[in-house]
1. Using only alpha carbon pairs under 8 Å that are at least six residues apart, calculate the relative contact order of the range B:4-181 and give it in whole percent.
2. Fewest Cβ neighbours within 10 Å first, please rank A:105, A:39 accordingly.
3. Using just the helices of chain A, give the 222 nm mean residue ellipticity in deg cm²/dmol: DSSP H runs with n ≥ 4 each add -39,500 (n - 2.57), and the total is spread over all residues, rounded to 500.
4. With each pseudo-label sitting 7 Å past Cα toward Cβ, what's the residue B:40-residue A:22 distance in nm, one decimal?
5. Using a 10 Å cut-off around each Cβ of peptide A:143-152, what is the average number of partner chain Cβ atoms that fall inside?
6. Considering only B:128, B:99, B:107, give the residue with the highest GNM mean-square fluctuation for chain B, with springs between Cα atoms whenever their separation is below 10 Å.
7. Compute the acute angle (0 to 90°) between the alpha-carbon long axis of helix A:154-165 and the principal axis of greatest extent of the alpha-carbon atoms of chain A; round to the nearest 10°.
8. Would you look at the GNM of chain B, springs on alpha carbons closer than 10 Å, and say which of B:173, B:100, B:23 moves the most?
């Protein structure tokens with residue numbers, strides 16, 4: 001895990017907006033914080049991704065308080081941070097170039113939300129040749145009414161999106177499993 | 001729909017391999033054929049994507065019979081075809097450049113499989129700025145045992161992956177709905 005980067009996606013206050021619906025994994029932020037503290041302690045690379053929406057109604061627009069990163073994932077001044085305006089952390093950012101330049105070929109990905117920005121970024125990371133682990137209990141999804149008018153829970157959307165990623169684009173592991181694999 | 005392109009992804013014989021598990025939407029290929037015939041009749045652009053795997057055990061390796069495109073989606077010599085080796089049709093191909101050069105800004109996507117190559121390609125198309133419709137009954141997914149050791153059906157994987165795409169990366173529509181929207 002010498003050069004494994006921790007990629008934290010969209011851990012932002014605006015995603016607490018109640019209009020987004022019920023969310024699974026209320027402990028995701030605490031697990032993100034645990035991962036971040038261990039990464040820092042080990043001197044491993046940390047990369048933060050901050051969504052800066054251009055959508056008129058988004059709480060994640062750069063000028064709004066919801067754009068702020070939550071305290072559990074607050075970046076240190078020396079840590080890399082890329083701002084994005086679409087789902088994938090690789091589109092419109094210098095992320096791919098930065099990872100290649102710094103020879104970071106393996107990534108542990110956590111953040112919000114499982115089925116939108118985490119999944120889109122994981123898929124692209126894998127397709128671009130990076131080895132990816134997604135941390136199941138350090139990501140979360142919102143429930144919603146589908147195109148078929150059926151209500152799906154955050155938990156089922158979260159889990160099935162991870163099932164689709166696992167083995168094809170990444171390995172899915174828990175925070176505890178990831179931390180066990182990090183050399184002391 | 002003047003310049004709406006039909007993007008057909010991985011409609012290939014190797015995806016009939018029984019080892020892939022049970023699949024939903026047995027009628028997906030017939031719907032793909034319906035879409036293709038209407039696109040040709042209207043003179044709208046058609047783009048085929050063919051997966052050429054580099055994985056040792058894949059039935060979609062270029063030298064194997066499973067690499068062949070199924071009869072329902074057989075490309076005409078004058079239609080565009082891009083070969084890819086990862087999930088997204090936009091990585092390692094000239095697809096994005098071709099679409100921009102030909103001013104094709106809206107895409108109707110169908111093919112296999114819903115949660116792997118169709119979802120990865122839809123997400124990138126949207127993030128790159130294209131307007132996307134995914135055709136729910138002209139795509140399909142395989143059931144599998146998840147990272148949590150639970151068996152998920154092709155139908156639930158298919159549906160929840162479409163729920164995650166709909167409204168964020170694309171609109172999800174049926175073949176009939178798409179064909180109704182095409183000018184005669």
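1. 27
2. Taking fewest neighbouring Cβ atoms as first place, the list is A:105, A:39.
3. -8000 deg cm²/dmol
4. So the label points at residue B:40 and residue A:22 sit 4.9 nm apart.
5. 4
6. B:128
7. Helix A:154-165 sits roughly 50 degrees off the main axis of chain A.
8. B:100
No value in this document is a laboratory result; all are computed from the given coordinates. Note that the coordinates shown come from a computational prediction; the quantities given were computed from them, not determined experimentally. Cβ sites come from the backbone with ideal geometry, for glycine too, and all protein chains shown count toward neighbours.
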